[in-house]
Amino acid sequence: WTRVIDTTTEVLTRNPANAKALYRRGVARIGQGKLSEAQKDLRKCMKIDPHNSEARQRLNEVLKETRQLQTADKEQADKLRGFLRGERLDDTVAVSEDGGVRKLHGNENSPLFASWIKREWLSPQSRTAAAVTCHIVLKTQAGKEVWTSRKPPGALSPQEVGPHMVHQPKPAQKPAEPVRFVVDDAWGGVFKAWNSAVKTLQMHELGKFEVAKYTLGPSVESCIERCVAKWLGESPARAAMFKDVPEDMRAAAQRRQALQILCLPEELCLEPVADPNGTLNMEVELLDVGEYEDLEGDGRALLRVLREGKKGTPVATDLSSVTAHFRIAKLLMNVSLKDTRMGLANTSDGLVMREDKTKEPIEFVVGEEEVGDEGDFVPPCIGRCLMLPKGGVCEGMRYELILRHGVPVSDMEKSINTAYAKGMISADAMPDTTGPVVIRVEVEKVVPAVSGPQSPAWKGPASLQAERRRAEQLEDVDEGRHRHKALRRWRRILTWLDHLLEGRRWRVQEDSGGQPASGGGGVAEAVAGSMYDLEWDADEAEEGGVKNDGAGATAGTAEKLAHPVRPPTSGDVDAELLRQLDGEELREWATAHVAVGRLLMSEAAAACTEGDRDTAERHIRSAVQACEIGKIPKEIEVAARMALARHLTETERAAEALEVLKPAQALDPCSTVLKDQVARTLQLDTDQKSGDVKGALRRLKQDLIAGLEADDASSLLTLLQEVDSLPLTWEAASETAIGKEVGKCARHADSGVADLAKGIVGKLHKLAKQERPLWVR
């Protein structure tokens with residue numbers, strides 16, 4: 001080692017920035033045990049060559065060995081001080097009030113709390129809290145590990161062996177993760193031993209403790225009971241699931257499910273503790289402490305900003321496009337549920353889950369995260385988390401959220417989300433919650449959504465078309481489960497078009513000879529020019545600018561931009577005003593109204609609500625109105641008329657539906673779907689008319705009977721005239737049997753009544769001959 005040090009020192013004398021020489025001298029000094037000097041050389045090497053992985057690894061080893069030596073020196077010093085005071089070398093100091101947690105080789109004169117603890121973190125009324133990250137190992141007095149966070153989950157469990165396992169692939173190992181919990185957790189979701197021990201440690205200290213067993217599993221019993229009451233209560237679905245299951249097995253399954261929700265280790269909590277006063281040895285290494293803000297004041301949502309975002313960049317809002325990395329993990333055991341940086345690596349031990357820093361972030365739309373294929377699925381809870389920070393989330397921001405009530409399990413994977421949506425999994429049988437979680441979000445890019453013609457991102461018809469394509473996609477994917485999201489997109493299109501119409505209303509007023517509301521000529525021209533700014537014509541959008549932007553606008557226009565005029569409701573738009581839209585805008589107007597009407601009708605059919613039906617009809621009539629005003633592609637007009645006709649037939653207005661369908665037939669005479677709808681509508685119209693005639697004949701029959709009994713000739717004459725005016729059919733006449741009463745009127749003494757009745761009888765005979773020509777004479 002001495003020769004290496006001399007050679008590298010000579011090289012560094014001539015070239016102090018030689019990273020290779022610094023690295024080799026640092027390794028040589030490690031070999032000589034000169035850790036502090038080695039640390040300086042390796043840090044200089046890392047500063048010159050930040051991507052030197054070997055130097056980074058060596059530096060981490062030096063730091064770890066240095067901490068271990070410092071801890072050993074501290075323990076030795078404590079032992080020596082205790083020996084000089086006449087104490088035993090294995091003395092412990094109680095760090096909990098009941099003495100259940102004792103720190104080995106502790107100094108009884110040292111403070112109870114570590115220097116990093118703030119007093120407000122320990123107060124239930126405080127709006128701040130602390131969460132710690134640490135490694136914990138529990139051992140028996142004989143040294144056998146009972147539970148550890150330093151090894152992958154399941155490493156201490158006995159592995160299944162036998163001939164049947166020879167060709168079975170090994171499951172992918174998950175990485176060992178340190179535990180994370182909130183100090184003095186008011187929700188009681190952390191072991192008393194862990195909470196008491198960590199408060200006595202300095203940063204990166206490895207502390208050794210002796211803990212009573214009652215400070216582990218029994219200390220979280222109340223939290224387990226609350227979880228069972230909240231998520232695992234009695235329900236018909238759970239009763240059916242545990243039918244014919246013995247009570248003890250049912251209670252064990254219920255407790256295991258509660259431990260999975262709370263992410264408590266089964267090794268410490270599943271079975272009752274036989275010897276509560278028995279002790280275990282515990283090692284705790286404190287790795288990190290973070291201060292979190294209580295967003296609501298009730299401890300349900302805690303926020304920690306790891307890095308502030310870039311100033312002046314857009315803030316994520318509803319329907320923004322966000323590119324980000326995220327990780328969802330259980331709070332206590334830090335088990336990862338979803339991690340965009342995690343990937344499979346093939347090692348000598350088989351497949352291992354490892355962090356892959358080369359993985360690309362995921363792009364998604366806030367509020368529409370779950371829309372997409374399996375690989376594109378983003379948990380909807382990520383979008384909701386973007387809305388929680390009070391100042392908003394922008395590009396470059398990194399933050400963590402602790403959610404006590406967790407997030408839905410259905411948010412984790414697309415297959416599970418689909419199963420819950422279709423009712424294949426019942427929330428009563430399988431609680432739809434992950435339990436307490438920690439969510440870390442790293443935002444890399446935010447693209448704000450277009451909010452309308454007043455938005456800087458507005459591109460005229462191109463923005464309308466992009467919104468339409470997204471709405472159509474939402475309707476088509478996942479078997480139509482996202483129609484409510486598509487409906488919101490369609491309504492955004494209509495709102496934008498309504499704003500455009502309001503901006504062009506001045507054109508109609510000028511054409512009709514009216515004066516603008518502002519008065520005189522010069523002001524009128526200024527106002528007119530300002531209103532023209534709201535048009536956002538396509539040529540202006542292509543140039544990337546807005547005509548008369550800012551400087552030439554009047555105060556009235558500024559007020560209109562800040563407080564837009566209420567958009568007109570569907571169905572009350574004047575035809576002349578609608579003509580102010582150009583061809584592409586009118587097409588989007590008609591398409592959006594058809595889509596909104598169609599979706600509202602399907603919702604109304606499912607919910608049996610008349611209000612949505614009326615609104616749907618107004619929307620579709622607006623689309624038909626647009627088709628009559630301008631040149632709309634025939635497929636859109638046909639779709640609009642078919643949708644309106646379908647609604648009219650459902651509300652028993654078949655005759656009006658036939659009138660609506662006539663132009664559609666002329667536009668597309670070869671459409672079999674249209675022909676089928678016309679045929680059904682015609683049949684329904686015939687049935688409705690026949691039903692109306694039958695009802696009228698039944699009423700007239702009763703009136704004729706009454707008139708014959710009263711021998712009222714004038715009344716009989718009026719009734720017969722009404723019968724004669726009806727479009728009689730043989731089916732209606734035979735079903736109501738009105739011929740008997742008409743025949744009696746034919747023999748009446750009054751000649752007028754008799755003649756009219758005989759004429760009606762003749763009509764009935766003709767109908768009978770047409771219906772039964774072989775035997776009716």
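Brief remarks on what is shown
- Computed with a 1.4 Å probe over protein heavy atoms only, the accessible area of residue 356 comes to about 60 Å².
- Inter-label distance for residue 473 and residue 47, nm, one decimal - labels placed 7 Å from Cα along Cα-to-Cβ: 4.9
- Prolate/oblate/rounded label for region 200-330 (Cα gyration tensor, a/c 1.5): oblate
- Extension gain for residue 682-residue 202 works out to 164.2 nm (0.36 nm per residue, less the C-alpha to C-alpha distance).
- Treating r as the C-beta distance of residue 712 and residue 656 and R0 as 35 Å, the FRET efficiency rounds to 0.35.
- Cβ-based net charge around residue 356, under 12 Å, with every Lys or Arg adding one and every Asp or Glu removing one: +1
- When 287, 682 are compared by accessible area of protein heavy atoms, the largest-first order is 682, 287, using a 1.4 Å probe.
- If the chain linking residue 248 and residue 288 were pulled fully straight, counting 0.36 nm for each residue of separation and taking away their Cα-Cα distance, it would gain 10.3 nm.
- Using a probe of 1.4 angstrom and keeping all protein chains present, the accessible surface of region 272-312 works out to 56 square angstrom per residue.
- Unit charges at the beta carbon, dipole of region 648-687: most positive-side option, 683, 672, 654: 672
- With a Förster radius of 35 Å applied to the C-beta separation of residue 97 and residue 69, the computed FRET efficiency comes to 0.55.
- Rounded FRET efficiency, nearest 0.05, which uses the C-beta distance separating residue 387 from residue 12 and R0 of 45 Å: 0.25
- Under 20 Å from the residue 747 label point (7 Å along Cα→beta-carbon), backbone N, region 665-705: 701-705
- Exposure rank, largest accessible area first [286, 717; 1.4 Å]: 717, 286
- For residue 469, the accessible surface of its heavy atoms amounts to roughly 130 Å² (probe 1.4 Å, protein chains only, rounded to the nearest 10).
- For region 212-220, Karplus couplings with θ = phi - 60° (6.51, -1.76, 1.60), whole Hz, Gly/Pro x: 6, 5, 6, 8, 9, x, x, 6, 10
- Multiplying the residue separation of residue 187 and residue 740 by 0.36 nm and subtracting their alpha-carbon distance yields 190.5 nm.
- Taking all protein chains together and a 1.4 Å probe, the residues 629, 136 rank 629, 136 from largest to smallest accessible area.
- Counting Lys and Arg as +1 and Asp and Glu as -1 over every other residue whose Cβ lies under 13 Å from the Cβ of residue 290, the net charge comes to +2.
- Loop-located GluC sites (Glu not before Pro) in region 226-332 (DSSP state other than H, G, I, E, B) with a sparse environment of at most 13 neighbouring Cβ atoms within 10 Å: 234, 296, 308.
- Once all protein chains are placed together, residue 612 keeps about 50 Å² accessible to a 1.4 angstrom probe.
The values are calculated or read from the model by the stated rules, or taken from the named source; none is laboratory data. In this text, all values refer to a predicted model and were calculated from it rather than measured experimentally. Every residue, glycine among them, receives a Cβ derived from its backbone with ideal geometry; neighbour counts consider all protein chains shown. Surface accessibility is based on the protein's heavy atoms, side chains included, excluding ligands, DNA and RNA. Shrake-Rupley method; radii C 1.70, N 1.55, O 1.52, S 1.80 Å.
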